[in-house]
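> Take this structure, written in C-alpha cells, and hold onto it; I'll ask about it next.
Values in this text are rule-based calculations from the coordinates and carry no lab data. All figures in this text were calculated on a predicted structure; none of them were measured in a lab. Note: ideal-geometry Cβ built from the backbone for every residue, glycine included; neighbour counts use all protein chains shown.
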Amino acid sequence: MPSIIKSISLDPKTASIARRVPNFSKFVRECLLRWDAIQRSPDCPVERLGHPLTGDFCVPAPTRICLKHWPDGVPRMEDWREFRTMVEFDDYHQDRDRLLQGWPFLEDFECPQEWICHRAEMSNHAQIDFDNMEIEGNAKPTAREKKSKIRRLWAVLWSRN
Ligand SMILES: [Zn+2]
C-alpha cells in the first residue's frame with residue numbers, strides 16, 4: 001500500500017507522549033481506523049458481506065474493526081480459539097453440564113458468548129491494545145539542531161578569527 005505523508009502539529013505535552021510510541025505513524029493509522037469505526041454505524045463488516053458468524057460473533061481481526069461484536073476491542077487469539085472449541089462443543093451436545101465439565105470456569109458465565117465478551121474486555125482495558133499493533137520497526141529520525149542565521153553568521157565570523 002502506498003504511503004501518504006501527512007504532517008501534524010503537536011504541543012509539548014503530546015510531543016512528549018509521541019516520543020514514547022515506537023512507531024508513531026502506525027499508531028496514528030490505528031487511531032484513525034478506530035475513530036472511523038466509531039463514526040460509522042456500528043454494523044459488522046463480516047455480516048455486511050454475508051459471511052457466517054462463529055457462535056454469533058465475527059472472527060476478530062485487529063485490522064477490521066467491528067464495534068457490533070467487539071465494542072471493547074478484539075479478544076486474544078488463544079481466547080478466540082478456546083471460544084470456537086466451546087461453541088462447536090455446545091452446538092453439538094447442547095448440554096450445559098457437559099460444557100462445564102470441559103470448561104469449569106464457564107460456571108461464572110451464562111454462556112460461552114458472555115465469556116468471550118468478558119475476555120475481550122479484559123484484554124482491551126487500555127482501549128488501545130499495543131499487543132495487536134505492529135508498531136516497532138521504523139527508524140526514528142534524529143532531531144537536527146537548527147541554527148538561526150545570526151548564529152550561523154556568528155559561527156563563520158568566529159571561525160575566521
Ligand atoms: Zn462483527
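> Quick one: check the C-alpha center-to-center distance for segment 85-103 versus segment 1-78, whole angstrom.
32
> From the square roots a ≥ b ≥ c of the eigenvalues of the alpha-carbon gyration tensor of segment 12-136, which class results: rounded (a/c under 1.5), prolate (a/b over b/c), or oblate?
Values: a/c = 2.99, a/b = 1.91, b/c = 1.57.
Prolate, because a/c is 1.5 or more and a/b exceeds b/c.
> DSSP loop trypsin sites (Lys or Arg not before Pro) in segment 1-67 with at most 13 other Cβ atoms within 10 Å of their Cβ, which ones?
Values: sites: 6, 13, 19, 20, 26, 29, 34, 40, 48, 64; in loops: 6, 20, 40.
Passing sites in segment 1-67 are 6, 20, 40.
> Give me the number: length gained by fully extending residue 109 to residue 85, i.e. 0.36 nm times residue separation minus the C-alpha to C-alpha distance, one decimal in nm. Don't skip to the end; give the middle numbers.
Values: separation 24, 0.36 × 24 = 8.64 nm, distance 1.63 nm.
Contour length minus Cα-Cα distance gives 7.0 nm.
> Continuing with this model, one more query. Could I have the simple spin-label model distance between residue 1 and residue 151, label points 7 Å from Cα toward Cβ, reported in nm to one decimal?
Between residue 1 and residue 151, the simple spin-label model gives 3.9 nm.
> Here's a follow-up. State the answer as a single residue: which of 33, 111, 122 lies farthest towards the positive end of the charge dipole of segment 12-136, with beta carbon charges of +1 for Lys and Arg and -1 for Asp and Glu, about the Cα centre.
33
> Consider a paramagnetic label point 7 Å from the Cα of residue 39 along Cα→Cβ; state which residues of segment 1-29 have an amide N under 14 Å from it.
Label zone hits: 29.
> Would you work out the charge dipole size for segment 12-136 about its Cα centre, treating the Cβ of every Lys and Arg as +1 and the Cβ of every Asp and Glu as -1, and quote it to the nearest 20 debye? Display every interim value, and only then the final one.
Numbers: 16 positive and 23 negative charges, 196 e Å.
Dipole magnitude for segment 12-136 comes out near 940 debye.
> Tell me the net charge near residue 3. Cut-off is 14 Å between Cβ atoms, residue 3 excluded, with +1 for each Lys or Arg and -1 for each Asp or Glu.
Working: positive: 6, 26, 29; negative: none.
Net local charge, residue 3 excluded: +3.
> Can you give the charge dipole size of segment 1-41 about its Cα centre, rounded to the nearest 20 debye, using +1 on the beta carbon of Lys and Arg and -1 on the beta carbon of Asp and Glu? Walk me through the numbers before you get to the answer.
Working: 8 positive and 3 negative charges, 19 e Å.
My answer is approximately 100 debye.
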